[in-house]
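A short write-up of the structure that comes next.
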Amino acid sequence: MERIPILKLGDFLLVTIQVDMHDQLAITLQDDLTTQIAKHASRGVLIDISSLEIVDSFIGRMLANIAAMSKVLDAQTVLTGMQPAVAITLVELGMSLSGIKTALNVERGMEILRQFSDQSYELQDANGFQE
Amino acid sequence: MISFHEVVKKNEGAILSAWIEEMVKGVRRADLMTDTELKQQARELLGLFAKAAESSSEAESEAFLQTREFLREIAKSRMDQGFTPTETARFVLSLKQPIFHALRDALKGNPSDLVNEVWASGNLLDRLALFTVDSAVEFRDQVIGRQQEEMLELSTPVVKLWDGVLALPLIGTLDSARTQVVMESLLSAIVETNSQIAIIDITGVPTVDTLVAQHLIKTITAARLMGADCFLSGIRPAIAQTIVHLGIDLVDVQTKAKLSDAFAMALSRMGKVVVARKPAAGMALGSKAKDN
């Protein structure tokens, strides 16, 4: 069965969607991802959708769901590399995905994840994180 | 019975000279086109007209195709030269009188035929004149459409303020079509320049109603989805009041009064500060210090 690979990168999980998302694939991804987060106690999830060109309301909702589920498991989700056309479509569909953090590319996404995990580790530190 | 096209054919030369005389008296605009050009056009049109009228008396028919093409050309060149649609139409309509005169001479003894032929030829020329006006208007509409498109492109520039900071100064009323262009050009500029902050400046937008606000929010949301922060700046006091009165919810949008404020915030968001040089050096080299 077709699966989207989930790569473990230290405290974070990296998911790059390189194929057209269809509904079953999205559901499988959701299952796999929640399992992996729980297994590795991951601090963050980075989903790169730079090669995703078509979205519908279902995929949009799956992305929002994945973010919400990760949140429950105490992992921050960052969505990176969304194409302009995809962004316009999601907005027109009325999905602002307000619960998800976004970044322009994987590099920036990792920065955000690192900042987030530093912040939560060093809650007692008034300055938060260091560059 | 003699038909009008026969009369026209027979008296082509006389009609042409009478027509040109007629035009020289009234319709011609010596400031816009030369006599030779006018004569050339008149001769060609009369030739086409006489030929087409032999086989048909309907201006829309196949026989008049060439005549219509020629009139379209004339309408186009007249519009370019600065003629009004009326003047363009009168070029064709002024042909009536010479033809009527010729008919009168030819059908002297037959009043009923005369009326018939005058009517038929008059009708035909009216149609052709209307067609000329239509072509002129159509041509002008094309110009207007093209200008609108050009304005659309000209009025949505995306400028780079700093490495990673884009600004989109909006000028003029925002409608759905324009917002679409604005949204697309901003989002593709974000990808191209890899910018994390975009500032939409609406100083030049005269009014903000619910629809415009909706469009702006959509653009900002789309930019956020791509991972860029979007600030809204250039909100005039009157517009701030309108926004509140209309109940538009801008809480999720970072707003600033002036573009300079938004730019300052963008720099601080990126962890950059602008510092003044030492006073003396700054004066000598032309100060780059920030004014707020």
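The values are calculated or read from the model by the stated rules, or taken from the named source; none is laboratory data. Bear in mind that the values here come from a model prediction, so they are computed numbers and not experimental data. No Cβ is skipped: glycine too gets one built from the backbone with ideal geometry, and neighbour counts run over all protein chains shown. Side chains included, ligands, DNA and RNA excluded: accessible areas come from the protein's heavy atoms. Shrake-Rupley method; radii C 1.70, N 1.55, O 1.52, S 1.80 Å.
With a 1.4 Å probe and all protein chains left in place, how much accessible area per residue does the protein assembly as shown have, in Å²?
53 Å²
Suppose every Lys and Arg Cβ carries +1 and every Asp and Glu Cβ carries -1, with no other charges. What dipole size does the protein assembly as shown come out with about its Cα centre, to the nearest 20 debye?
1220 debye
Ordering B:Met265, A:Met69 by accessible area with a probe of 1.4 Å, largest first, what comes out?
Largest to smallest exposure gives the sequence A:Met69, B:Met265.
Sticking to Cα atoms, compute the Rg of region B:4-150 to one decimal and its Dmax as the biggest Cα-Cα distance, whole number, in Å.
Cα radius of gyration and Dmax of region B:4-150 are 15.9, 62 Å respectively.
Percentage of Cα-Cα pair distances in region B:159-285 greater than 24 Å, rounded to whole percent?
Pairs farther apart than 24 Å: 30 percent.
Express in % the proportion of alpha carbon pairs of region B:76-229 at distances exceeding 18 Å.
Roughly 70 percent, rounded to a whole number.
Could you work out the relative contact order of chain A, using alpha carbon pairs under 8 angstrom and six or more residues apart, expressed as a whole percent?
Once divided by the residue count of chain A, the mean separation gives 23 percent.
Taking region B:159-285, how many lysine pairs are there with alpha carbons less than 20 Å apart, if each pair must be eight or more places apart or span two chains?
Counting lysine pairs in region B:159-285 gives 6.
Quick check on chain A: what are the equivalent-ellipsoid semi-axes from the Cα gyration tensor, as sqrt(5λ), descending, whole Å?
Largest first, chain A gives 25, 17, 13 Å.
Could you sort B:Trp162, B:Trp19 by accessible area so the largest value comes first, with the probe set to 1.4 Å?
I get B:Trp162, B:Trp19, largest accessible area first.
Kindly report, to the nearest 10 Å², the accessible surface of B:Thr242 as traced by a 1.4 Å probe over protein heavy atoms only.
50 Å²
Apply the membrane-span-like helix rule to chain B: whole DSSP H runs, Cα extent along the own long axis of at least 30 Å, mean Kyte-Doolittle hydropathy at least -1.0. List the helices found.
In chain B, the long hydrophobic H runs are B:35-55, B:111-154.
Kirkwood Rh, Cα Rg: Rg to Rh for chain B?
Here Rg/Rh amounts to 1.33.
Work from the charge dipole of chain A (Cβ charges, +1 for Lys and Arg, -1 for Asp and Glu, about the Cα centre) and give the residue of A:Ile54, A:Ile66, A:Thr35 farthest towards its positive end.
With unit charges placed on the Cβ atoms, the residue in question is A:Thr35.
Give me the distance between the Cα centres of region A:40-102 and region B:141-198, rounded to whole Å.
What the calculation gives is 26 Å, centre to centre.
Need one value: the accessible area of B:Leu259 in square angstrom, 1.4 angstrom probe, rounded to the nearest 10.
My reading of the accessible area for B:Leu259 is about 70 Å².
Can you tell me, using C-alpha contacts under 8 Å and at least 6 residues apart, the relative contact order of chain B as a whole percent?
Here the relative contact order equals 12 percent.
Taking R0 as 25 Å, what's the FRET efficiency between B:Val244 and B:Leu211 from their Cβ-Cβ distance, rounded to 0.05?
The formula returns an efficiency of 0.90 here.
Round to a whole angstrom and tell me the spacing of the C-alpha centers of region B:27-77 and region B:214-284.
Using only Cα atoms to place each centre, the spacing works out to 61 Å.
Rank B:Ser188, B:Ser112, B:Thr242 by how far each Cα sits towards the positive end of the charge dipole of region B:94-249 (+1 on Lys, Arg Cβ; -1 on Asp, Glu Cβ) and give me just the farthest.
So the residue furthest toward the plus end is B:Ser112.
Projected onto the charge dipole of chain B (+1 at Lys/Arg Cβ, -1 at Asp/Glu Cβ, origin at the Cα centre), which of B:Met270, B:Gly145, B:Leu46 gives the Cα projection farthest towards the positive end?
Working it through, the farthest residue towards the positive pole turns out to be B:Met270.
Take every residue in peptide A:76-84, count the Cβ atoms of other chains within 10 Å of its Cβ, and give the average of those counts.
Counting Cβ atoms of other protein chains within 10 Å of each residue's Cβ and averaging gives 4.
Counting only the backbone N, which residues of region B:39-83 are under 14 Å from the spot 7 Å out from the Cα of B:Phe139 toward its beta-carbon?
Within reach of a label on B:Phe139: B:41, B:68-83.
Could you give the size of the charge dipole of chain A about its Cα centre, using +1 on the Cβ of each K and R and -1 on the Cβ of each D and E, expressed in debye and rounded to the nearest 20?
200 debye
Measure up A:Lys39/A:Lys101; A:Lys8/A:Lys39; B:Lys25/B:Lys76 against 18 Å on the Cα-Cα distance and list the ones that go over.
Violating the 18 Å limit, Cα to Cα: A:Lys39/A:Lys101; B:Lys25/B:Lys76.
Would you calculate a helix-derived [θ] at 222 nm for chain B, using -39,500 (n - 2.57) for each DSSP H run of n ≥ 4 and dividing by the full residue count, to the nearest 500?
-20500 deg cm²/dmol
Just the accessible area for B:Thr193, please: 1.4 Å probe, Å², rounded to the nearest 10?
Spelled out: B:Thr193, probe radius 1.4 Å, area about 50 Å².
I want the antiparallel fraction of DSSP beta bridges within region A:1-117, as a percent rounded to 5.
Close to 25 percent.
Once a ≥ b ≥ c are taken as the square roots of the eigenvalues of the Cα gyration tensor of region B:1-91, is the result rounded (a/c under 1.5), prolate (a/b larger than b/c) or oblate (a/b not larger than b/c)?
Oblate, since a/c reaches 1.5 and b/c is not below a/b.
Dipole magnitude of region A:58-126 about its Cα centre, charges +1 at Lys/Arg Cβ and -1 at Asp/Glu Cβ only, in debye to the nearest 20?
That gives region A:58-126 a dipole magnitude of about 280 debye.
Where does each of B:245-255, A:43-53, B:69-79 land if you order them by average Cβ count within 10 Å, highest first?
A:43-53, B:69-79, B:245-255
Output the peptides B:136-147, B:56-67, B:213-224 sorted from most to least packed, where packing is the average of other Cβ atoms within 10 Å over each peptide's residues.
Packing order, densest peptide first, comes out as B:213-224, B:56-67, B:136-147.
In degrees, nearest 10, range 0 to 90: what is the angle between the Cα axis of helix A:106-121 and the longest Cα principal axis of chain A?
40 degrees
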